[in-house]
1. Only one of these is in contact (Cβ under 8 Å) with a residue 24 or more places away in the chain, over 30 Å from Val124 (Cα atoms), among the aliphatic types (A, V, I, L, M) and outside any helix (DSSP H, G or I): Ala207, Ala203, Ala192. Name it.
2. Could we say that Leu20 is surrounded by 12 or more Cβ atoms within 10 Å (Cβ to Cβ) and either under 20 Å from the mean Cα position of the chain (by Cα) or farther than 24 Å from His86 by Cβ (or both) here?
3. One residue is enough: does region 165-177 have a residue meeting the conditions crowded, with 19+ Cβ neighbours inside 10 Å and either at pLDDT below 90 or under 11 Å from Thr222 (Cα atoms) (or both)?
4. Please report, ordered by residue number, the helices (runs of 4 or more DSSP H) entirely within region 7-121 with at least 1 residues that are within 23 Å of Gly132 (Cα to Cα), of a type in the set (Asp, Glu) and out of contact with any helix residue (DSSP H, G or I) (no Cβ under 8 Å at 6 or more places or on another chain).
5. Condition check: more than 30 Å from the chain's Cα centre (by Cα), exposed (fewer than 12 other Cβ atoms within 10 Å of the Cβ) and not hydrophobic (A, V, I, L, M, F, W, C). Does Asp127 satisfy that?
6. Quick check on this structure: which one of Arg64, Arg43 is among the basic types (Lys, Arg), loosely packed, with under 15 Cβ neighbours inside 10 Å and modelled with pLDDT under 90?
7. Exactly one condition in (1) assigned by TED's automatic domain parsing to the domain that holds Ala12; (2) on the phi > 0 side of the Ramachandran plot is not met by Gly187; state its number.
Amino acid sequence: MQVQNVMATNVATVQPDTTLADALEVMLDRRISGLPVVDSGGRLVGVLTEGDLLRRTETGTEPRHGRWFDFFAGPGRLAAEYVRTHGRQVADLMTEEIVTVAPETTLTELVELMETKHIKRVPVLRDGVLVGVVSRADLLRPLLHALKAAAQLDPVTDREIHDAIAAEFARQKWGTADVVQIEVVDGDVVLAGTIYDNRDRAAMIVAARNVPGVAAVRDELTWMEPVTGAAVGPVF
């Protein structure tokens, strides 16, 4: 799936000379945490986010420094800080170093970018022109669709459930699935046997629950604690 399949195209934008008050009204009315900043031709020139608005003289949150900081920072840095804390046009506060994606970017690439850059919203550009914005919330829609589709699958036989669980265990690198017994009766699954990492317990239960037709999963697994050799059963 690509970004163009999930992105929002009805995007609120502002221009560099938009007043800060007008930009804030848009953000609050639309309940969004950031605004793309575009020029008269629709080309992206910056982004204004909540983070850009945290340190403001109007709210008494501007940075406060000691004399030593002022000495080492120098007047140039202090002047730039003054613009960000006192400026009242979008151009004064917006971030100009922007992370963007193309409509054809895959969702896998998008998620990796969001995690690496620690960002929540990404502008989508085609030939430099803003065509949409994709956010973390937009990724929830295909997830919800996939979950609903999985829940609507027809039930299968106990044999098919058993084989599907065993196949999923075999595909995973964790666990000791080869020594775990799987019993299925009328869609109810029992997992029994010995595991050597207690985290395998939850993973196996999740894998079993996700198989279409499973009504319930009962945990009868025993964890062999590696240090003491104690056998630990399920905790209900």
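1. Ala192
2. Here the answer is no, as Leu20 does not meet what is asked.
3. Yes: one or more hits.
4. 20-30, 107-117
5. So Asp127 does not fit the description; no.
6. Arg64
7. (1)
The values are calculated or read from the model by the stated rules, or taken from the named source; none is laboratory data. In this text, all values refer to a predicted model and were calculated from it rather than measured experimentally. Because the Cβ atoms are built from the backbone with ideal geometry, glycine has one as well, and the counts that use them run over all protein chains shown.
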